[in-house]
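One structure below.
Here, each number is a calculation from the coordinates, and none is a lab measurement. As the structure is a prediction and not an experimental result, all values here were calculated from the model. Glycine also receives a Cβ, built like all others from the backbone with ideal geometry; neighbour counts cover every protein chain displayed.
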Amino acid sequence: MGWIAVAAVAVVALSVMATLLAVLVVRERKTQQRFQILADVAAVSDADGTLEQSFDAICAILVPDFADFCMIDVIGEDRVPRRAAVCVAPGADGEIERGLTERVPSMPEHMLEDEDGDSRGPRFYERMSDDDLRKLAHDQDDLEFLRRLDPRSAITVALIARGRLTGALTIGVAWSGRRYRREDARFAWILSGRIALALDNSGLFANLERAEQARAEIAETLQRGLLPPPLPHIPGWSIAAMYRPAGAENEVGGDFYDVFRVPGGWMLVIGDVTGRGARAASVTAVARYTLRTAALLDDDPLVALRTLNHALLARGDTALCSLAAITLSEDDFEPVRLAVAGHPPPLLIDGQTVAEMGSSDPVLGAFHDAEWSITRCDVESGQQLVIVTDGITEAQGREGRFGERRLRRELRGVDNPAQALQRLEGALHAFIDGPHEDDVAILAIARASGEKADRSRPVSEEAIENASSIYETRV
């Protein structure tokens, strides 16, 4: 009998030890599983995905290993929670996921109202009853939906990042037959901190993304505001203009052109400011709108140049601008007036002949006492004036520099402003064989078809002197 008793005790002891060992193994597996969950959530916080991708990834981590269903709600500036992500484990009614997605979140009032976060503990239902469902339901239809869900246990924890309530996580078990215990609620509370960090990091990334997008939209708006409006119709004249910024992502830079009304006629300007990027664009804006303001008062190109020179010097940041200004009078007897400041002089095209009109005076923004002169030019039918920025002549290609001789050769024999632009643009594109390294602007004007200048009017001495600078281009 003694041996039988000892054997029985030994069997009982072994059974107890086996049970304890099994419990320890289960707890060890559960502990490892939870550490893995925490590690996976931490990995989400280090990922470069969007906020929506982070939501989905976190729900996928928790379902089905830790929950049968999972919802993440976020809190906006209006303090109204909205559902951001839902995940449901296999085995549920097909309408469950859609119902949870469309359901208005029922966050605990103490989570929404507590500003300091001292009482934002988990809402834990260890054994969900019908009375609990009634308290959670928004109306009778919502109650019927919750009854179909039939949750056995549920936990809702606040997501708090840097002391601010950002949302809530709700997890529950139902059709799997599992039930949450107190330790599960404690783990959910620990988990909420990791999830809040992941969402905060993703949120910061999203905020940076939104800020970058906003900056891009502002830059685009400013750039488009600096672009010249469509060329106006000027009676008796044909006009064409082209602008190509350097780089693939810019719309404006250091070169510009503009055409606008002045008392008794029109003013056309083309210019090039120093620098590139945002700074060049800011000087471009100063130049364009200063010229337009000055032109409201006087049609004299010299007044426009002097006004812009004072504006650039007042900036105090060495903002230089080369510019050519042309005034067209409504009086057909008046010649075209030109003023050039540090800019390549306009070219008069007459068939096979190219003439440089006027000379270049000091650049704008360099000297307080600078002086500029006016050149008068009779542009007759069949002739045209073409003005380019140095982005064309200074362009570099396999053959070296595009240069002035090549420019003149390409303009020889052009019949109208549109053809001049087309020929120069094609020649430049073929020459550099790649993206532009500098901004390019072209402005061309000619008398409209059928319009003729009055040759009976005496030609000024200055026009005769200009005619002596004609340059013959030869093959």
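Summarising the amide proton neighbourhood of Val440: residues at separation of 5 or more, or on other chains, whose placed amide H is nearer than 5 Å comprise Arg244, Ala246. Derived scalar couplings between HN and Hα for region 372-388 equal 10, 10, 9, 10, 9, 9, 8, 9, 9, 4, x, 9, 7, 9, 10, 10, 10 Hz in order, rounded to whole Hz, by the Karplus curve 6.51 cos²θ - 1.76 cosθ + 1.60 (θ = phi - 60°), x for Gly and Pro.
For Asp255, the amide hydrogen comes within under 5 Å of the amide hydrogens of Val273, counting only partners 5 or more places away or on other chains and with H modelled in the peptide plane. Using the Karplus relation 6.51 cos²θ - 1.76 cosθ + 1.60 with θ = phi - 60°, the per-residue 3J(HN,Hα) values for region 350-367 come to 9, x, 8, 10, 10, 10, 8, 9, x, 10, 8, 8, x, 5, 7, x, 9, 9 Hz, with x marking Gly and Pro. Evaluated with a Cβ-only charge set (Lys, Arg +1; Asp, Glu -1), region 302-449 carries a dipole of roughly 260 debye about its Cα centre, given to the nearest 20. With a Förster radius of 35 Å, plug the Cβ-Cβ distance of Thr50 and Ile190 into 1/(1 + (r/R0)^6) and report the FRET value to the nearest 0.05. Computed FRET efficiency for Thr50 and Ile190: 0.85. Remark: Lys135, Lys30 ranked as Lys135, Lys30, counting other beta-carbon atoms within 10 Å and listing the fewest first. A full extension of the chain between Arg292 and Asp331 corresponds to an added length of 11.9 nm, given 0.36 nm per residue minus the alpha carbon distance.
Residue exposure proxy: Asp299, Asp350, ordered by other Cβ atoms within 10 angstrom of their Cβ from fewest to most, comes out as Asp350, Asp299. Taking the charge dipole of region 394-440 about its Cα centre, with +1 at Lys and Arg Cβ atoms and -1 at Asp and Glu Cβ atoms, the residue from Phe431, Gly397, Asn416 reaching farthest to the positive side is Asn416.
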